[in-house]
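So the structure is just underneath, and the comments pick up after that.
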Amino acid sequence: MKKHQMLIAGKWVDPAGGEWFESLNPFTGAAWALVPRGGKEDVDLAVAAAKAAYEGPWRKLTASARGDLLRKFAELVAAEADKLAEIETTDNGKLIAEMRGQLKYVPQWFHYFGGLADKVEGRVIPIDKPGVFNFTREEPLGVVVAITPWNSPLLLATWKLAPALAAGNTVVWKPSEFSSVSAFAFAQLFERAGFPPGVVNVITGYGNEVGEPLITHRDVAKVAFTGGDRTGEHVYQLAAKGIKRITLELGGKSANIVFDDADIDEAVKGVVSGIFAATGQTCIAGSRALIHRSIHDKFVEKLLALAKTARMGNPLDANTQVGPITTQPQYQKVLDYIRIANEEGAVCRLGGGPASRPECGSGWFIEPTIFTGVKPQMRIAQEEVFGPVLSIIPFDDEEEAIRVANGTVYGLAAGVWTTSIRRALMMAERLEAGTVWVNTYRAVSYMSPFGGYKRSGIGRESGIDAIREYLQTKSVWIDIAGSAPNPFVMR
Ligand code: TXE
């Protein structure tokens, strides 16, 4: 079993406390790597390294040179994509087909933000006062902390690292304790691309032991976090104490809304892809299907027929369609929600428990599960399960669909299935969600802003909006009149 090290100031180092923990393969349940258990001492070293790099070599590079490095990095990732995908699948159990797809996308973000690095411009403000010249500079923040989850480890880290580095910040990255191994291989590529030491540091460990001292460290300017909303709330509170800037991406309870004028077969595929494609372990899971009552029964029959065909098994097999749950606590959480849904009176139409198929080995598998008869206020319709569990809620008209779709504390995404342009545009306007897909689902791009309304988060990742999350504006005033104004009066 490989004993990994952390990257601090360009050196691969053991944790100060001299402890490691096991990373488990969710398909076999067996330990396959040893991950350093970082602590406060490592945090102090990593932040000091990031600060020194920010004030030293990184700041001295031109924006174009930063962009070149990001693009070089993109090429190295592209060359290593299959290897990185295999590490991710072994560590977090997500399908190899999905992880290969994600790793093919990752370079796009580094190319895009590499291209954006030298297009960050200030403005000249035509100030309405005589004798002054005013302009703005867009400046980096300093040391950025990236805290990432286990479901899409490298893609979600990329969404933070690419814009943060393009804007001229340095980074300390803490991956999830459940899926740290790909971070080590990824970080080596920053070295190979020629990033100065300390620009990207990786320290691993638990949220309370590494995450908290990172967030509260006085030399950290910003925290970029993806994870659960309860943890996100805590992270927000800690960051608030130091008046740190923050972006939070906190998951959701997204509605996939199917109207009676939709292409039903396409909508069935869309609902399946929304909830079962990533074993439901995605922030944008379409975990509530809102189905127009007139097509409800027909839709459910077709949905059950398609969901039943899902091939479960080894996530490293390219033909597998539903893999294991990534972590044992998450496995337990999903089973708890299935029990809660049954107790609440929802009707289980498919699955409803652990999968004991031979192809599932000893992994943490749960059968694709579908509940009908779900009422909007049930916990199964309000709370994020983060597993292959779909709640189906019937509706009678547009107003009811909007009310139910918007009737949770979350607002990350929504899907609308309709052939009416009027309905599509009206729904896009009235849904309280950071992303609305019409007649498609689970599409993302480096070009398009992504983030949550309401409790799903703060700030945007991807697209031009994302780089602004890592910049601050300075206003510069220059006297061009040459005569001192009255010092006792505000100019
Ligand atoms: O996430 P956590 P968990 C949701 C999903 C899931 C639930 C719990 O519903 O069931 O969250 O998953 C770090 N200070 N999502 O427990 O705790 C932690 O080490 C600083 C949705 O795995 O949010 C990891 O690096 N950091 C989500 C990261 O936070 C702390 C994706 C995420 O872990 C910390 C994952 C602390 N006190 C889960 N405690 C999405 N938005 O897609 C933990 N961390």
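The values are calculated or read from the model by the stated rules, or taken from the named source; none is laboratory data. What you are looking at is a predicted structure, and each value in this text was computed from that prediction instead of being measured. Backbone-built Cβ (ideal geometry, glycine too); neighbour counts: all protein chains shown. Side chains included, ligands, DNA and RNA excluded: accessible areas come from the protein's heavy atoms. Shrake-Rupley method; radii C 1.70, N 1.55, O 1.52, S 1.80 Å.
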- Just checking, how many residues over the range 28-48 are assigned to a loop (DSSP other than H, G, I, E, B) and open to solvent by less than 40 Å² (accessible area, probe 1.4 Å)? 3
- Under 8 Å between Cβ atoms, at least 6 apart or on separate chains: pull out the pairs that start in the range 239-254 with a residue that is of a type in the set (Asp, Glu) and end on any residue that is away from the ligand (no atom under 11 Å from the Cβ) and at pLDDT below 95. none
- Query: Name the residues in the range 380-407 that are within 15 Å of the ligand (Cβ to nearest atom) and open to solvent by 10 Å² or more (accessible area, probe 1.4 Å), would you?
  - Reply: GLN382, GLU383, GLU384, PHE386
- Query: in the same structural domain as GLU41 (by TED's automatic domain parsing), hydroxyl-bearing (Ser, Thr, Tyr), surrounded by fewer than 24 Cβ atoms within 10 Å (Cβ to Cβ) and outside any strand (DSSP E or B) - does that describe any residue in the range 122-138?
  - Reply: no
- Task: Select, from GLY10, GLY67, GLY17, the only residue that is open to solvent by 10 Å² or more (accessible area, probe 1.4 Å), closer than 30 Å to LYS119 by Cβ and not acidic (Asp, Glu).
- Result: GLY10
- Task: Check whether at least one residue in the range 419-434 is surrounded by 14 or more Cβ atoms within 10 Å (Cβ to Cβ), within 16 Å of the ligand (Cβ to nearest atom) and within 18 Å of the chain's Cα centre (by Cα), and report yes or no.
- Result: yes
- Task: Report yes if some residue within the range 307-324 is surrounded by fewer than 22 Cβ atoms within 10 Å (Cβ to Cβ), hydrophobic (A, V, I, L, M, F, W, C) and without any contact (Cβ under 8 Å) to a residue 12 or more places away in the chain; otherwise report no.
- Result: no
- Condition test on SER448, is it open to solvent by 20 Å² or more (accessible area, probe 1.4 Å) and at pLDDT 95 or above? yes
- Would you please name the residue that is farthest from PHE21 (Cα to Cα), looking only at residues in the range 82-98 that are open to solvent by less than 10 Å² (accessible area, probe 1.4 Å) and touching a residue at least 24 places away in the same chain (Cβ under 8 Å)? ILE96
- Message: I'd like the residue in the range 160-181 that is open to solvent by less than 10 Å² (accessible area, probe 1.4 Å) and within 13 Å of the ligand (Cβ to nearest atom) and, out of all such residues, is farthest from LEU214 (Cα to Cα).
- Response: SER179
- Taking the range 363-383 as the region of interest, how many residues are small (Gly, Ala, Ser), closer than 13 Å to GLU344 by Cα and assigned to a loop (DSSP other than H, G, I, E, B)? 1
- Query: helices (runs of 4 or more DSSP H) wholly in the range 188-290 with at least 2 residues that are in the same structural domain as TYR470 (by TED's automatic domain parsing) - which ones?
  - Reply: 212-216, 229-241
- For residues in the range 205-223 being open to solvent by less than 10 Å² (accessible area, probe 1.4 Å) and within 9 Å of the ligand (Cβ to nearest atom), which is farthest from ALA187 (Cα to Cα)? ILE215
